[in-house]
Structure formats: C-alpha cells, structure tokens
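Below is one structure; the comments refer to it alone.
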Amino acid sequence: MNSLAQDLGAQMFAWSATALTHGLALFALVWAAERLELLRRPAARQTAWRIVLLVPLISAALQVFLLGGSPISRLLALQAPAIETAQTHAAAAIAAPVAVAAVMPENLLYQGASLIGWAWLALVAAGAVRLVVQCHGLWRYRRALTPVSDPATLAMAATLSRHAGLANVKLLDDPDLAGPIALPPRAVVLPSWTREAFTDLQKKALLAHEIRHLARRDPQWRALQGLMALATLAPHGRLALRRLEDMAEYACDAWSAHQTGAGQPLAECLALCMERGLTQRLPAGAAAMAKANSPVVDRVRRLLQGKAEGAEANVWVERALLAAAIGAAALILPGLAIGHGQRSIPTVHRTEVTASGAVPADAAVALADAKTAQADAATAEADAKNQAETAKADADAVRIDSETAEADSRASMADSDAAMSDADAARAEVLRTSADARASASAAAATAATAQEAAARARSSADATSAAAVRTAAKARASATAAADAASTAKIAAARAMSTADAARARPVIELGRGRREVVIVNVP
C-alpha cells in the first residue's frame, strides 16, 4: 500500500472512530433526556433521534477534514499555563481535554488503522450499493403494477392528498400484497383484497395513513437513516432507527385518526393487515403499514384509547436544531486524529504588567527568550519536516529496491524450479542407468563365477603337473650330483695321471744333460 492510500485510509479510520465517539455521546444524551421526560413533544423526540444518526458523521467529517480537531479542546489547551519542562508538557497533554491524538509513525499500527479505515469505507459503499439495488427493485416493482380504477377510491385519495399538501398521488393495485405501502415519490400500493374487506371509512383511514407517509417523506428518510445507522458502526444505530420508525407510524396514525374522526377504523385496518402480513410477502425495502415485527398492538391500543400523537413540527425549527447539534458536536465533542509525527503543544508565557502599563525587565527578557525559543522550535520543526521528507524519499527508494529484489528473487525461484525439474529428469536417467548397470554387474558376476571355477580346475591341474615336475627335477638333480661326483673323481684321476706323465717326461732330459755344463729343463707337454 503506497503512502497516499495509507494516508487516506488513516483519515477514513479517524472519521469512523470520531463518528462512533460522537454517536455514542449523543445517544447517551438523547436516551437520558427521553428517560427524564425532557423531550415531551413528539417533534422534539423525532429531531433528537435523527440527530443521533445524522449529526455524528457530519461533525466527525468537520473535525477530521476541516477543523483538525475540536476547536474548544484546543482553546482549553491554550489557556493552560505552560512550564518549560518535558515532564510538564507531557502531563499537560494528558490532563487537558484536547482531542485524543493517536501519534503513530508509519509502521504496522499505522497501516492497521489505514486498513480499518478502508474496510469501513467499503462497508458504507456496500450499504449504499444495497440501497441503490433496493430502490431499483422498487422502481421495477412499481412499473409492473396496474393503476387503481375505482372512481370513489381515487376521489378519496385526491381529497386526502390536498389536505396533506401533495398533488398527483398515484394509486396502484397489487393482488399479492399483504398490506398497503407508500412508494417514493408519490405512489400508494393497495392490495386487491382491501376492496371487498374494507368499508369506505376504513379505506379512508388506510389511504390517509399512507398519504401522510408520503407528505412526511418517510420512505426517503427511512433509506437515509438506514444508511447512516450502518455507517456509524455502533449498536445504538438500530435502536435509534427503530425509535424513528415507530414515531413515524405514530404520527401517520394520528393524522389518519384526525381525518376520519376516530382511531377505530385504522385500528381495524391494522388488525386485518397484520393477519395477512404473517403469511404474505412484502417487497424488499418497502415500509408496510403493519409488519410482524412492528409494535402493532401498541398502535392499536393508542388508536382505540384516543392517545395517538404525531410529530408535526415546523421544518425550519427541525433544521435549526440539526444545524445547532452539528455545530455543537463539531466544536465540543472529542475526536481522534491520526498523524505521522508528534503534535506540537502550544506554549503560553505569562507576563506581568505594572500599574503604569510597562512590562518589567525580567518579563521582557523572558518574553524575548520565549520568542527565541519559538523561533528555534519553528526551525526545528522545519528541519524535522525536511528530515521526514528525506526519510520518506529514502523509504520509497528502499521500497523500490525491495520490489526489484523481490522480482529478482522470483526469477531466481523460477530458475531454481527449472533446475529442480532438470535434476529430477537426471535423477530418473541415473536410476535407469543404475538399473542397467546393476543388470550388467549381475551378468559379469555370473561370468566371473564361471571363470573362477575354470581357474580352480586349472589350478588343480597345474598343482598336479608341478608336483610331477618337482619329482622329476629331484631325480635329475640326484643323477646330476652323481655325475658330478664321478666327474670330480675322473678329474682327480686325470690330474694324477698327468702329474705322473709330466714326471716321466722330465726325467730323460735331466739325465741327458748331466754330462754338459748347461742344463736346460724343458717341459714337454
């Protein structure tokens, strides 16, 4: 929600809360006045209850949108002496009967108040739309009806209309209607069964009652008062609306009894309409002369006892009372104000004046200090406003950045969702691949088992062959050893033989040389 929408919602909340406060105060005042019998005239009671419904919304709008609070409250706050301490300012702000100020920064509480204000406005708009739909339904219902053709009834209605100050009152006929009703601006719908069930005097009483409703503009007032009762959001609205409807019926009963000279004909009409009204339909938004939840018994008793009273007041007096009530409520009654920052409490400095009219020096110095302090306060307020605007701009920038970050986050989330989808597909592919690999591993395991069996058989054959070879090699080594021993013996024998041969060869040479001076020993191989 942007800043403008929040401010408007906060203003709507302040309006609804102020209207609720004013409505409760006026309701208590009128209820007490009626119980104390201070409102003896019916016109005064009717005006008072209309004030309860209509004035709070107008006075609250004046305080919230035009006056900025209750002027009397601010005046009383200005007259209170000010002491230049923060504690005294806080105490004065609490003790003075100023308008209740809800100082709320732009945070969750302020946003909540704004949402409540928009919800209240939506509720009032829904009530207005419902009222428009009902008016359209009554207009279509009126167009579907046929006019009454009885000359005597038409002449009677024309005479009563002149007495009531109306012209061109139309009489319409509805065969399915339980009782007569008055439709704005100037139409009376009569049930078809009344032509045979009522006498001429009863018909006159019935027509007088409904024509008086049109003269008093009760259908229009009823719609407006119903919308105001919805807008005040208080339980007293329905009670005030019921009191106004009862007083309107009493006023029309009294005028009808005055036109017929007695209340009995209208009382008989009420009894017959009440009997029919318990079983037959009534158009939505229409006010019938007798309904199941209306005080018909009390009305019949008043008519038969001749105690029927009306609310025939001068319209200018009523308007003057309404205007006075609006002004008084707007000026005196407290309200609610919603703001972004602290409200400045006005400060009043007391000065003493001597007999000669001159201001003492101390007072003049204090007055100068006060003016300086006021100037400093104005400067501080301007700085605070500038800082608030700067902070608001920064907040807007931060909000824009946060919106951009949120958009990026959403894009990242979308990318992550796509990545997760790809990961799921890859996971499925891996599962399929692992299943194939598992099958291949099973086949390889079977092949390995076969190879292991063949290797075991080959190892057994190799072990047998190796044992035979070892045995053969042992035998060969034994034979070789024996041959080597024989060779060694032969070599020894040969060596001995050679030594003997060499000795035999050398002996003749030695002997041949004994007769010479040089002896040459020659080794002859």
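Here the gap between ARG41 and ALA380, fully extended at 0.36 nm per residue and compared with their Cα-Cα distance, gives a gain of 116.3 nm. All other residues whose Cβ lies under 13 angstrom from that of THR390 are scored, Lys and Arg at +1 and Asp and Glu at -1, for a net of -2. Take 371-379, 9-17 and order them by the average number of nearby Cβ atoms within 10 Å per residue, most first; the result is 9-17, 371-379.
Listed peptides 34-40, 177-183 appear in the order 177-183, 34-40 once ranked by packing, highest mean of other Cβ atoms within 10 Å at the front. Per-residue extension of 0.36 nm, minus the Cα-Cα distance of ALA388 and TRP139, leaves a gain of 84.3 nm for this segment. Residue by residue, region 385-393 carries 3J(HN,Hα) couplings of 5, 4, 5, 5, 5, 4, 4, 5, 4 Hz when phi is fed to the Karplus relation 6.51 cos²θ - 1.76 cosθ + 1.60 (θ = phi - 60°); x denotes Gly or Pro.
Charge tally for VAL470 (other residues, Cβ to Cβ under 12 Å; Lys, Arg +1; Asp, Glu -1): +2.
Near LEU270, once Lys and Arg are set to +1 and Asp and Glu to -1 for all other residues with Cβ below 9 Å from its Cβ, the sum equals -1. Using the Karplus relation 6.51 cos²θ - 1.76 cosθ + 1.60 with θ = phi - 60°, the per-residue 3J(HN,Hα) values for region 475-482 come to 4, 5, 5, 5, 5, 5, 4, 5 Hz, with x marking Gly and Pro. Across region 133-220, Cα-Cα pairs more than 21 Å apart make up 24 percent of the total. Taking θ as phi - 60° and the Karplus parameters 6.51, -1.76 and 1.60, the scalar couplings of region 264-274 work out to 5, x, 5, 5, 5, 4, 4, 5, 5, 5, 5 Hz in sequence order, x denoting glycine and proline. For the pair ARG459 and ARG217 in one chain, pulling the backbone fully straight at 0.36 nm per residue adds 74.8 nm over the alpha carbon distance. The modelled label-to-label distance between ALA152 and ALA125, using points 7 Å beyond Cα along the C-beta direction, is 5.5 nm. Each label was represented as a point 7 Å from its Cα along the Cα-to-Cβ direction; for ALA262 and LEU109 these points are 6.9 nm apart.
Quick note: the coordinates plus some simple rules give every number you see, no bench work behind them. All values reported here derive from a predicted model rather than from experimental measurement. Positions of Cβ are generated from backbone atoms using ideal geometry, with glycine treated the same way; all protein chains shown enter the neighbour counts.
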